[in-house]
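Comments concern the structure below.
Bear in mind that the values in this text are calculations on the coordinates, not laboratory data. Everything numeric here is computed off the predicted structure, so don't read it as measured data. Methodologically, a virtual Cβ is constructed for each residue, glycine included, from the backbone with ideal geometry; neighbour enumeration extends over all protein chains shown.
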Amino acid sequence: MKHIVYLSRAVHALTDHDLQHLLDQSRHDNEQQGITGVLFYSHGNIAQLFEGEDEIADALFARIAQDGRHSHVRKLVDKPIAARSFSNWSMAFHPLVTEGFEALQGFLLPHHMPPAPDSLPIADALVVELVRLAVFGPDPSQPYHHALPLAP
Amino acid sequence: MLRQLPAGVATLEGPDLRYGFINDRMRELVGEGQPGQRVTDFPGNLPSVFLEMLPRIYTDGSEHTAKACACGPHHCYDLSVQPYHDEQGQIAGLLLLAVDVSEQEAARQRAHELALTTRHLDARLRVLTETAPLMTYTVDAAGAVTYVSPQWYRFTGQPPTADLTAIWPLLVHPDDRLRVLYESAAGRRTGTGWNFEYRLRRYDGVYRWMLSRALPEVHPPEAPFFWHGALTEVHLERELSEARRRGEAELRFLADSIPELVWTASAEGLVDYYNQFTMEYTGLTKEELGPTGWVGLLYLQEQAAAARRWVQSVASGEPFEGEYRLRRHDGVYRWHTIRARQLSDESGPRWFGTCSDVEEQYRLRQVLQTQYDELSRAHHNLDTFVYAASHDLRQPTNNLRGLFEELRRSASFADPEQAVMLGMVDTALAELDSTLIDLATTVRTQRQQQEPVEVLDMSLVLEEILLGLRPEIMQRGARIDVQVGEAPGLRYSRANLRSVVHNLVSNALKFSHPNRPPLIVLRSYLTPDGQPVLEVRDNGLGMHIDDPAHPIFQLFARQHTHVDGTGVGLYLVQRIVSSQGGHLAVTSVIGEGTTFTIHWHTPSSSS
């Protein structure tokens, strides 16, 4: 079992429809593959932590790194874990129209996200906090107009 | 058979040239014309120029072919005419053959237009390639250079007659030559392009870095035969990046040489570099440390707070600073000051951090703190002892005085000297009593250093104090002049102010000049830089200020032994004022008077 954290940039800004489609599809795929974790999206900035069996997680990351819909994929953490810290897979972003989304399974508003679970080592929890900050900015209740500097 | 010919066939009979035989193909050309009718009456689409020629051909018996005649709006025919003869060898008519060449003609037309377009494109390409600030070239599969743009000649200074294939490798820097030849040959062999940098000799003999990129011209399924490419001068960029690489390497070397933990982090607060010493100290690799591994090295209870603080710093851009225990490779925790600051420049913000080992300082501080605590306790105990002793000694002293009074009343002494001695004992007892009182006061005052501070109305407080000294003032006929208009308020502890003023005024009264009534001036004012000051000026005896035998601000030091006193007063004043961050100045002229200037330097004005 391992977990992987990465940051990336979407090539095109995602619409509400794209996001909902991504949420549905990823939830379905991840549930089948035993992948759990969380994905943050805001204004083209993407960060994701996912955990699963080694081969499955590696294969998923390889697919993500090849995916033409985003670029500048930066793997931050890739290390073995003893147990899962997330019970399912969810996504946090600011939809333009909130109404329909609140009821969606696996959807989180950025400022309604629970804090990183205690089972996560503090160094990894800090990574999650930092990428969340990088994606949503200091005040997650406000849509954040900011682009991550590109990876050196 | 003639009917099925893929060409139009017709005969024109007799001198009138009347249609005879017309096959289907010819029908398309001549249209309505029927056998027996004259061709001039029903020419169909036959061009008029051609019609005019027919009678002449009939007459002189020659043959004629007209190529690609436009017949009607859509068709073109190759028309050929030849006479045929009757049995007598006389010309009997003309045989007309028409081959439809419309398609060939259209194709020819298209080819012509294409050639024109190509010429335009070629011209445009040429202008572009010859004006762009880069050199272009073409190499064939054998490695022969078939074209270079004029810029190349200008750059290298070679004559237009130069043998390009032979000369260009000679212009490449000797250190790069083999590599360049190998790479371009490899590109040609595999049918791919290339992309490399090399130094090319300029007309002035200076080698400049160039970027050479080329792609094959591909026409599947044939193998590529030409490679077209461009040469761009990248000398400055190359030098810059070289300098940057060197600078970076030097910085890394520097950071690696420092016996401190040094690290850098991205704008998101993710550490991307740890120096060599960090690896040595922690015993972990860069991968094991990861982007936030440092937090795991802290004392368990301090990790969460440090992580929160770091997130806060990253969010706000404020520097990060704190003291934390960091785990060494052998599991020992040592105190470190962790500092990180953000550098913002055109390449975006970055964080630079250090962890300095402050274990020794920390230990030293702890030892000092322990010693300070002990000293402070000892001092406090001593104070308490002095206070208690002086307090406890007063009761026996009082008893002694009472007993002595009793003795003096009841006993009678014959010797007059004994009466004098009695008086001396009395004086000594009184002095002992007052010394004890003063001692107790001193100790109490030292405890009052943490008195509450408030804004005091100087005129009210001074009046209160003078009221307490009223008997002495009356007794000596003293005049007191209070001037507080310039600084009517003061932020100070009431009890401390009272002690200071009480001591100074009673001193002034005590050491008054026997020849004149005392005049004491109390003046509260502000110095030019706004600091409050109280001046106490008298016209009394004055004193020796710099006399080492009679120091003025020491406990039990006395300036005038003929005047009653315990020598505690000025010591106390000095203590109070300096304990509040102020100081006391004094000027004095023997026989004329003394001026004390108290610079309060109150806590509020000093901040």
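Taking the longest Cα principal axis of chain B as reference, the axis of helix B:102-131 is set at about 30 degrees.
Subtracting the Cα-Cα distance of B:Gln4 and B:Ala389 from their residue separation scaled by 0.36 nm leaves 123.3 nm.
Shielding value for B:306-313 is 3, the average number of Cβ atoms from other chains within 10 Å of each residue's Cβ.
Just need the relative contact order of region B:391-529 here, percent rounded to a whole number, with Cα pairs under 8 Å and 6+ apart.
Result for region B:391-529 is 26 percent.
Legend: Rg and Dmax of region B:363-441, from Cα coordinates, 21.1, 74 Å. Between B:Ile590 and B:Asn398, the FRET efficiency from the beta-carbon distance, with R0 = 51 Å, is close to 0.85. The angle separating the long axis of helix B:569-579 from the principal Cα axis of greatest extent in chain B is about 10 degrees. The B:Ala304 and A:Asp58 beta-carbon pair, evaluated with R₀ = 41 Å, returns a calculated FRET efficiency of approximately 0.85. In this label model, B:Arg341 and B:Val453 are separated by 3.2 nm, measuring between points 7 Å along each Cα→Cβ vector.
Around the Cα centre of region B:241-357, unit charges on the Cβ atoms of Lys, Arg, Asp and Glu (plus for the first two, minus for the last two) sum to a dipole of about 160 debye. Compute the Cα gyration tensor for region A:16-145, then decide on rounded, prolate or oblate, letting a ≥ b ≥ c be the square roots of its eigenvalues: rounded whenever a/c is under 1.5, prolate when a/b is larger than b/c in the other cases, and oblate in all that remain. Taking the square roots of the gyration eigenvalues as a ≥ b ≥ c, region A:16-145 is rounded. Considering only B:Leu164, B:Val589, B:His336, and ranking their Cα positions along the charge dipole of the protein assembly as shown that arises from unit charges at the beta-carbon of Lys, Arg, Asp and Glu, the one farthest toward the positive end is B:Val589. When the P(r) is computed for the protein assembly as shown, the part past 40 Å accounts for 71% of the Cα-Cα pairs.
Note on B:Gln82 and B:Glu32: with the Förster distance fixed at 22 Å, the Cβ-Cβ geometry gives a FRET efficiency of about 0.35.
Note on chain B: dipole from Cβ charges, positive end direction compared against B:Thr232, B:Gln104, B:Gly468; the farthest Cα belongs to B:Gly468. In the protein assembly as shown, helices alone account for a calculated mean residue ellipticity at 222 nm of -13500 deg cm²/dmol, with every DSSP H run of four or more residues adding -39,500 (n - 2.57). Under unit Cβ charges (Lys, Arg +1; Asp, Glu -1), what dipole magnitude, rounded to 20 debye, does region B:118-189 have relative to its Cα centre? For region B:118-189, the charge dipole is close to 180 debye. Helix B:174-190 and the longest principal axis of the C-alpha atoms of chain B enclose an angle of approximately 50°.
Comparing B:Leu17, B:Asn45, B:Ala92 along the charge dipole axis of region B:1-115, the residue lying farthest to the positive side is B:Asn45, per the Cβ-charge model.
The charge dipole of region B:8-100, taken about its Cα centre with unit charges on the Cβ atoms of Lys, Arg (+1), Asp and Glu (-1) only, comes to about 160 debye. Applying the criteria of a DSSP loop state and at most 13 other Cβ atoms within 10 Å to the GluC sites (Glu not before Pro) of region B:1-103 yields B:Glu32, B:Glu63, B:Glu87. Averaging the sequence gap over all C-alpha pairs within less than 8 Å and six or more residues apart, then dividing by the number of residues, gives chain B a relative contact order of 5 percent.
Modelled label positions at B:Ala166 and B:His112, each set 7 Å beyond Cα in the direction of Cβ, lie 4.5 nm from each other. The gain in end-to-end length when the B:Ala430 to B:Arg363 segment is fully stretched comes to 18.9 nm, 0.36 nm per residue minus the alpha carbon separation.
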